[in-house]
Amino acid sequence: MAIWLPRDEDTPGPVDYDTQLAAACGPYLDRFKALDAVFAQHHPQLGFHHYLQFIAVQPGEQSHGIGSALLDHHHRWLDHDGIAAYLEASKTSNRDLYLRHGYAPAEPFCLPNDGPPLWPIRRAPQDPGTPRIPRC
């Protein structure tokens, strides 16, 4: 599963976001609001782009190319329409996957209270004929 959000500098958030977030997060609402604030603080000004909010593959199905297939499918569409992509990688192994798909990392930032590092990473639209770096 991959969730891509079209974004621009003035893209409004989801309708009734605070209520939906409270319902989904329950007692952890303050943590998720803090996370949202950190992400917003570090989100670059890219103009119109697609933000990869989540990508997930069942643990038993990982390392079989499913995540790469999900990325490749959406990247073909982005490249065709000249649209950039952005995400925050939460682990070095994820960051390295995105690097193989044409992303370029920026300086990592850390979540508050000695939280883990996150790597902001972006991908410019590419010529559809440009091959990506193969997985070893």
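Somewhere in segment 22-36, is a residue touching a Lys or Arg at 6+ places or on another chain (Cβ under 8 Å) and loosely packed, with under 13 Cβ neighbours inside 10 Å?
No, segment 22-36 contains no residue that is touching a Lys or Arg at 6+ places or on another chain (Cβ under 8 Å) and loosely packed, with under 13 Cβ neighbours inside 10 Å.
Let me spell it out: the conditions are (1) surrounded by 10 or more Cβ atoms within 10 Å (Cβ to Cβ); (2) polar (S, T, N, Q); (3) not in a loop (DSSP other than H, G, I, E, B), and Gln41 meets all of them except one. Which number is the exception?
Here Gln41 clears every test but (1).
Hey, does segment 57-67 have a residue that's hydrophobic (A, V, I, L, M, F, W, C), under 20 Å from Tyr103 (Cα atoms) and touching a Phe, Trp or Tyr at 6+ places or on another chain (Cβ under 9 Å)?
no
Scan segment 107-136 for residues that are at pLDDT 90 or above and among the aliphatic types (A, V, I, L, M) and jot them down.
Leu118, Ile121, Ala124
Given the residues Asp30, Asp79, which is the only one that is over 16 Å from the mean Cα position of the chain (by Cα) and under 21 Å from Pro120 (Cβ atoms)?
Among Asp30, Asp79, only Asp79 is over 16 Å from the mean Cα position of the chain (by Cα) and under 21 Å from Pro120 (Cβ atoms).
Here's a check for you: in segment 33-61, which residue that is of a type in the set (Gly, Ala, Ser) and over 17 Å from the mean Cα position of the chain (by Cα) is farthest from Ala106 (Cα to Cα)?
For segment 33-61, the residue satisfying everything is Gly60.
Exactly one of (1) touching a residue at least 24 places away in the same chain (Cβ under 8 Å); (2) within 26 Å of His80 (Cα to Cα); (3) surrounded by 10 or more Cβ atoms within 10 Å (Cβ to Cβ); (4) not aromatic (Phe, Trp, Tyr) is unmet by Thr11. Its number?
Answer for Thr11: the failing condition is (1).
What number of residues in segment 63-83 are surrounded by 19 or more Cβ atoms within 10 Å (Cβ to Cβ) and over 20 Å from Phe48 (Cα atoms)?
Number of matching residues: 1.
Only one of His75, His50, His64 is in a helix (DSSP H, G or I) and on the phi < 0 side of the Ramachandran plot. Can you tell me which?
When all the criteria are applied, what remains is His75.
Taking only segment 7-23 into account, find how many residues are modelled with pLDDT under 90 and either hydrophobic (A, V, I, L, M, F, W, C) or closer than 19 Å to Pro120 by Cβ (or both).
Of the residues in that region, 6 qualify.
Every residue, every condition in (1) of a type outside the set (Asp, Glu); (2) closer than 18 Å to Trp4 by Cα; (3) touching a residue at least 24 places away in the same chain (Cβ under 8 Å), yes or no:
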| site | (1), (2), (3) |
| --- | --- |
| Phe32 | yes, no, no |
| Asp36 | no, yes, no |
| Leu46 | yes, yes, yes |
| Gly60 | yes, no, no |
| Asp72 | no, yes, yes |
| Gly82 | yes, yes, yes |
| Ala89 | yes, yes, yes |
| Leu97 | yes, yes, yes |
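I'd like to verify a number: residues in segment 1-38 that are in contact with a Phe, Trp or Tyr (Cβ under 6 Å, 6 or more places away or on another chain) and assigned to a strand (DSSP E or B), how many?
Of the residues in segment 1-38, 3 are in contact with a Phe, Trp or Tyr (Cβ under 6 Å, 6 or more places away or on another chain) and assigned to a strand (DSSP E or B).
The values are calculated or read from the model by the stated rules, or taken from the named source; none is laboratory data. For clarity, every value in this text was computed on a predicted model and none was experimentally measured. Positions of Cβ are generated from backbone atoms using ideal geometry, with glycine treated the same way; all protein chains shown enter the neighbour counts.
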